[in-house]
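*Asks:* Below is one structure. I have some questions about it.
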Amino acid sequence: MMVIVMHYEHETTVHAPRQTVWDWHTREGAFDRLTPPWEPMETVSAPPDLSPGGRRVIRFPLIGPIKGRWIAEHTDLVEGELFADRMVRGPFKRWWHTHRFVDKGEMTIVEDEVSYDVPMGFLGRLFGGRMVRKRIWQMFTAREKGLINDITRQMEFADAPRKRVLVVGGSGLIGSNLIPFLDCMGHEVTQLVRRKPSHPRHRFWDPSNGVLDIEHLEGIDAVIHLGGVGIGDKRWTKKRKDAIIGSRRDSVTLLAEKMASMDSPPEVFIVASAIGYYGNRGDEEIDESSKRGEGFLSETTEMWEASADAARDASIRTIHLRTGIVMSPLGGALGRMLLPFKLGGGGPIGNGKQWFSWISMNDHIAAIQHLMMTPECEGPFNLTSPNPVRQKQFARVLGRVLRRPAFAPLPGFVLRIVFGELARPLLLEGQKVLPKRLLQSGFEFRNPDLEESLRDVLGAWKMNNNPSQSSSTAQPSTQV
C-alpha cells in the first residue's frame with residue numbers, strides 16, 4: 001500500500017567512546033534526561049531494558065486537563081550499536097525511530113532516524129506538517145544538548161567510584177530532575193517516600209512521627225535532602241509558616257540524628273537551603289561569607305541549616321545548598337511567569353530594580369553532583385549563576401526569547417493584595433548573589449548566560465542555528 005511517510009534525521013557528535021554513550025542510553029533515567037525540559041511527560045510503566053518487545057507507556061497533556069498516551073515498543077537491538085522503537089499508540093499515525101551509535105574512536109556519532117506520518121492524511125500534512133517538523137527538530141535539538149551536557153558531566157568524574165545515594169524530596173521539581181541525572185551518571189539511587197513504596201528504589205519513612213528505619217541508611221555514601229513544603233505556593237498564614245518550618249526542620253533533624261548514631265554513617269549530607277538566608281540586600285554583592293538577613297525567610301533558612309548540626313557534630317561532611325531561582329518551564333518562578341508572558345501581558349515586577357539570582361536546572365543538578373563528589377567541599381554553597389540580573393532585565397530577555405512584548409509592569413500593591421506577606425521577600429525584594437565558593441571549588445557552569453539558558457529550556461532556538469546535521473523530507477514509501 002502506498003503511503004506518504006515523512007523522514008527526519010539528526011546527528012549528534014559526542015566526545016566520548018561509544019561504549020560510554022551506549023551505557024548512558026541503557027540506564028533507567030535516560031528517557032527522562034532525553035525528554036525536552038518543556039514537555040511534561042510522565043512515564044506510567046517502562047521496560048527493564050532495550051530488548052525487543054518491551055513497551056514504555058507515557059502520559060502527556062493533550063487538551064487542557066485531558067491526558068493522552070504514547071505507547072512505544074522496542075523492535076530491534078544490536079548491543080552497543082543500535083536500537084529501535086515504534087509507536088503502538090499515540091498522537092501520530094505512524095512513528096518509527098532508529099538510534100545508531102557510530103564508533104569514531106574517542107568520539108561517537110549518534111544517528112537518529114525517524115519515519116512518521118501525521119493523522120488526517122493530506123490535510124494533516126498540509127496544515128500541520130510544518131509545525132510537526134519544527135517540534136521534532138526542537139525535540140532532537142534538546143536531546144542533543146542534553147546528551148552532550150550529561151556525558152560531559154559524567155566524564156568530569158570518570159575515574160571516581162560511583163556513589164550510593166539516598167534522596168529525600170525526589171518528586172519535587174529539582175528532585176525529579178536530579179534522580180534521573182544521578183542514575184545516568186552511574187550512581188545507585190534510592191529514595192525516601194512518605195507513601196506506600198511503588199518502585200524498587202523507594203523506601204518508606206514518616207518524619208512527622210519520627211519513623212526512619214536505620215537499615216535505609218546502611219551502605220549509603222550520600223544523603224541529599226530536597227524535601228519540604230513549598231515556600232511560595234500559598235499565602236503565609238501562621239499555619240503555613242509552621243508547615244514551612246516544620247517540614248524541613250523535623251525531617252533534617254531526624255536524618256542527622258540517625259546518621260550520627262551509626263558506626264559507619266554516610267560520608268556526606270547535602271541539605272537544600274535558599275538564598276532567602278541573606279534577606280533583602282539591595283545592590284550589595286553577596287557570597288557565602290555574607291551575614292544572615294532579617295525576616296521570616298532568613299530566620300527559617302538559618303533554622304533549616306542548624307537542623308543538620310547532629311551530622312556536622314559527628315564529623316559527617318555537611319553541605320547546605322543556598323539555591324537561587326531555578327529555571328524550569330514546568331514549575332517554580334519561570335513556570336508561573338510563562339502564561340502571562342506568552343499572552344503578551346508580561347513585564348517587570350514592582351519597579352524591576354530588584355536583583356534576580358537564577359540558575360539553570362542542568363547547572364543546579366550538576367553542582368549537586370560536583371559537591372557530592374568533591375571531598376573538600378563542605379558548608380554553605382550558593383547555587384546561582386555567576387551572572388545575576390535585575391528583574392526588569394529578566395523580563396526583557398524572557399519577552400525577547402518568547403517574541404512577546406514585556407513592558408506591562410505588575411505593581412507591588414497588587415502583589416501584596418494577592419500574595420500577602422510573601423510578596424515582599426519573594427517578589428519585590430532580591431539579592432545579588434554570587435557562587436563564589438562553588439567557582440573556587442572548580443565547578444564550571446555550562447549555562448551562565450540567561451538568554452541562552454531560557455532558549456534551551458523553552459526550545460526557542462532559530463532553526464537556521466541548528467548545531468547538528470539534520471534533515472526532514474517527505475517521500476512516498478511502501479509500508480505494510
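*Asks:* Can you compute the charge dipole magnitude of the range 321-424 about its Cα centre, using +1 on each Lys and Arg Cβ and -1 on each Asp and Glu Cβ, nothing else charged? Give it in debye, rounded to the nearest 20.
*Replies:* About 740 debye.
*Asks:* Given the C-alpha atoms of the chain, compute the convex hull and give its volume per residue in Å³.
*Replies:* Each residue corresponds to 157 Å³ of Cα convex hull volume.
*Asks:* Put +1 on the Cβ of each Lys and Arg and -1 on the Cβ of each Asp and Glu in the range 161-251; which of Pro200, Trp236, Ile179 then has its Cα farthest toward the positive end of the dipole?
*Replies:* Trp236
*Asks:* Here's another thing I want to ask about it. What's the Cα-based Rg to Rh of the range 66-108, Rh via Kirkwood?
*Replies:* 1.16
*Asks:* Oh, and also: Could you give the Stokes-Einstein D for the range 52-190 in µm² per second, using the C-alpha Kirkwood radius, 37 °C, 0.692 mPa s?
*Replies:* Answer, rounded: 183 µm²/s.
*Asks:* Per-residue ellipticity at 222 nm for the chain, helices alone: DSSP H runs ≥ 4 residues times -39500 (n - 2.57), over residue total, nearest 500 deg cm²/dmol?
*Replies:* -10000 deg cm²/dmol
*Asks:* Summing Lys, Arg as +1 and Asp, Glu as -1, what charge do residues with Cβ under 13 Å from the Cβ of Arg390 carry, Arg390 excluded?
*Replies:* That works out to +2.
*Asks:* Still on this structure, please answer the following. Could you work out the percent of alpha carbon pairs in the range 2-110 separated by over 22 Å, rounded to a whole number?
*Replies:* 38 percent
*Asks:* Send over the semi-axes of the range 308-426's equivalent ellipsoid, whole angstrom and largest first, taken as the square roots of 5 times the C-alpha gyration tensor eigenvalues.
*Replies:* 33, 17, 11
*Asks:* Using Cα positions and a limit of under 24 Å, work out the lysines in reach of Lys196, with same-chain residues fewer than 8 apart set aside.
*Replies:* Candidates past the 8-residue exclusion: Lys258.
*Asks:* Next question, about the same structure. Rg (Å, one decimal) plus Dmax (Å, integer) for the alpha carbons of the range 130-201?
*Replies:* Using the Cα atoms of the range 130-201, the pair Rg, Dmax is 15.7, 47 Å.
*Asks:* Now for a separate question. Say a paramagnetic label sat at a point 7 Å from the Cα of Arg404, along Cα to Cβ; which residues of the range 298-327 have their backbone N under 20 Å from it?
*Replies:* Counting only backbone N, you get 326-327.
*Asks:* Please report, in whole Å³, the volume per residue of the convex hull around the C-alpha atoms of the range 137-284.
*Replies:* Given the Cα convex hull of the range 137-284, per-residue volume reads 193 Å³.
*Asks:* Note down the relative contact order for the range 1-112 as a percent, whole number, built from C-alpha pairs under 8 angstrom at least six residues apart.
*Replies:* Rounded, it is 28 percent for the range 1-112.
*Asks:* What does the charge dipole of the range 246-327 about its Cα centre add up to, to the nearest 20 debye, if the Cβ of each Lys and Arg holds +1 and the Cβ of each Asp and Glu holds -1?
*Replies:* Rounded to the nearest 20 debye, it is 200 debye.
*Asks:* Could you tell me the relative contact order of the range 34-184? Use alpha-carbon pairs under 8 Å, at least six residues apart, and round to a whole percent.
*Replies:* 13 percent
*Asks:* If you average 1/r over every pair of different alpha-carbon atoms in the range 234-310 and take one over that average, what Kirkwood value in Å do you get?
*Replies:* 14.0 Å
*Asks:* I need to check one value: relative contact order of the chain, counting alpha carbon pairs closer than 8 Å and at least 6 residues apart, in percent.
*Replies:* The normalised contact order for the chain reaches 17 percent.
*Asks:* Which of the lysines could a cross-linker bridge to Lys353, judged by Cα under 28 Å and excluding same-chain residues fewer than eight apart?
*Replies:* Here the lysines satisfying the reach criterion relative to Lys353 are Lys234, Lys241, Lys291, Lys342, Lys392, Lys432, Lys436.
*Asks:* If you don't mind, there's one more thing I want to ask. Of the options Leu371, Pro65, Gln391, report the single residue whose Cα projects farthest towards the positive end of the charge dipole of the chain (beta-carbon charges: Lys, Arg +1; Asp, Glu -1).
*Replies:* Among Leu371, Pro65, Gln391, the one farthest towards the positive end of the dipole of the chain is Pro65.
*Asks:* Based on Cα coordinates alone, diagonalise the gyration tensor for the range 62-143, multiply each eigenvalue by 5, take square roots, and list the semi-axes in whole Å, largest first.
*Replies:* Calculated on Cα positions only, the semi-axes equal 28, 15, 12 Å.
*Asks:* Let me ask something else. Treating the beta-carbon of each Lys and Arg as +1 and of each Asp and Glu as -1, no other charges, what is the dipole magnitude of the range 286-373 about its Cα centre, to the nearest 20 debye?
*Replies:* It comes to approximately 400 debye.
*Asks:* Let me ask something additional. Projected onto the charge dipole of the chain (+1 at Lys/Arg Cβ, -1 at Asp/Glu Cβ, origin at the Cα centre), which of Val418, Val110, Val78 gives the Cα projection farthest towards the positive end?
*Replies:* Val418
Rule-based calculations on the coordinates, nothing more; no lab input. Quick caveat: nothing in here was measured; it's all calculated off a predicted structure. Positions of Cβ are generated from backbone atoms using ideal geometry, with glycine treated the same way; all protein chains shown enter the neighbour counts.
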